[in-house]
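Throughout, read-outs are computed from the coordinates displayed, never taken from laboratory work. The structure displayed is predicted, hence computed values, not measured ones. Glycine gets a Cβ as well: all are built from the backbone with ideal geometry, and neighbour counts include every protein chain shown.
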Ligand code: TYM
């Protein structure tokens with residue numbers, strides 16, 4: 001047995017006004033696999049924007065995670081910029097929050113390796129996202145896809161984050177992050193890593209496909225009609241909502257079991273208008289789908305249109321996006337490097353000449 005060493009509980013402050021006490025540190029990430037869809041926006045990013053006032057926030061474009069599926073240099077580079085532009089356009093403020101891409105901060109890869117060494121294979125075998133993504137041909141799935149959730153734990157723990165705002169699909173990965181943190185703490189230093197709390201906020205934590213109300217809206221769905229992309233123009237949005245799957249029932253009511261599509265559209269309406277779902281359901285209890293969809297299309301265009309326009313403006317100046325990411329990476333390193341140094345010391349890695 002190695003001797004246990006008590007670690008310092010010091011949390012570095014790095015942003016905010018300096019006057020106001022922040023409630024903790026937030027970390028969250030998004031993959032630059034494609035552009036951003038409405039589920040990402042309503043389930044995660046909109047909450048990230050709101051949380052900037054109360055927490056020290058670190059937001060990351062997780063390009064190393066995306067490398068498990070994106071194997072084309074130009075696509076990867078373009079996606080990183082597009083997702084960054086989308087985050088900025090949605091209201092992530094790079095002055096208040098740290099915004100960067102994962103590959104530029106070595107601590108993620110270094111910590112992931114250490115955590116791989118304290119994570120039992122059995123925990124990873126239970127991950128449902130791996131099973132879904134690997135599909136039937138598991139032997140051919142990249143090893144990176146299997147250890148993906150350990151890299152995710154490293155992302156969070158490298159910043160000693162206390163809270164992680166995500167959509168519902170990330171719940172299992174976050175439970176694993178807590179277990180991995182506990183596993184490290186048990187072996188090397190009690191209380192070194194805080195056990196991160198998932199924050200799954202609001203009714204839109206699971207936005208479903210427009211073509212099938214039982215399937216998650218996703219960037220990887222082969223049908224573009226299944227999702228609203230933040231790059232869609234007004235015509236595309238209206239067309240997708242008009243053609244969204246409906247059902248033969250009268251009126252619009254909330255009934256996930258029997259009316260998954262109507263319920264999903266109600267959720268989207270309520271989230272975009274910041275109204276309780278019951279309110280919206282009461283307003284459209286007698287309405288035809290055609291009127292409801294037409295109002296939903298107008299509302300979506302009203303809310304998403306300005307984000308799309310701002311994204312286009314930002315994308316016209318890639319140099320500015322790159323500069324923003326470079327500055328964010330520097331600030332991220334200032335937090336994560338001391339943590340990885342402590343980790344290396346705790347596990348007994350000897351430094352030569354340093
Ligand atoms: P990703 O890139 O798939 O999604 C980014 C965020 O969007 C949420 N989300 C949704 N929310 C509601 N309805 C939907 N249909 C929907 N689709 C996506 C996701 O829950 C997520 O919050 N593994 C993560 C990225 C990651 C990460 C991290 C997250 C890497 N490291 C550390 C948190 C902390 C992922 O693939 O998210």
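Computed extension gain for residue 195 through residue 138, at 0.36 nm per residue and net of the alpha carbon distance, reaches 17.4 nm. When only alpha carbons of segment 223-354 are considered, Rg and Dmax amount to 23.4, 76 Å.
Each label was represented as a point 7 Å from its Cα along the Cα-to-Cβ direction; for residue 168 and residue 54 these points are 2.1 nm apart. Residues 284, 159, ranked from the fewest to the most other C-beta atoms within 10 Å, line up as 284, 159. Residue order for 257, 190, 283, fewest other beta carbons within 10 angstrom first, comes to 257, 190, 283.
Under a point spin-label approximation (7 Å from Cα along Cα-to-Cβ), what is the residue 320-residue 253 distance to one decimal in nm? With each label point 7 Å from Cα toward Cβ, the separation is 5.1 nm. Shown is the FRET efficiency for residue 283 and residue 95, computed with R0 = 41 Å from the Cβ-Cβ distance and rounded to the nearest 0.05: 0.55. For segment 79-133, the convex hull spanned by the alpha carbon atoms encloses 138 Å³ per residue. Legend: P(r) of segment 209-266 from all alpha carbon pair distances, 5 Å bins from 0, whole percents, reading 4, 21, 27, 23, 16, 8, 2.
Give me the percent of Cα-Cα pairs in segment 138-225 that sit more than 22 Å apart, rounded to a whole number. Beyond 22 Å sits 43 percent of the P(r) for segment 138-225. What do you get for the angle between helix 148-157 and the principal long axis of the chain? Use alpha-carbon atoms, 0 to 90 degrees, nearest ten. Computed tilt is about 70 degrees. For segment 21-39 versus segment 288-345, the inter-centroid distance based on Cα atoms is 8 Å.
Annotation: the residues 108, 71, sorted from fewest to most other C-beta atoms within 10 Å of their own C-beta, follow the order 71, 108.
Can you give me the C-alpha center-to-center distance between segment 168-191 and segment 101-123, rounded to a whole angstrom? Segment 168-191 and segment 101-123 have Cα centres separated by 12 Å. What is the calculated FRET efficiency for residue 242 to residue 71, with r their C-beta to C-beta distance and R₀ = 35 Å, to the nearest 0.05? Computed FRET efficiency for residue 242 and residue 71 comes out at 0.45. Among beta bridges identified by DSSP and lying wholly in the chain, the antiparallel ones come to about 10 percent. Here the Kirkwood formula puts the hydrodynamic radius of the chain at 21.5 Å, using every distinct Cα pair. Note: relative contact order over the chain, using C-alpha pairs below 8 Å and six or more positions apart, is 23 percent. In this label model, residue 124 and residue 274 are separated by 4.3 nm, measuring between points 7 Å along each Cα→Cβ vector.
Compared with the alpha-carbon gap, the fully stretched path from residue 214 to residue 310 is longer by 31.3 nm at 0.36 nm per residue.
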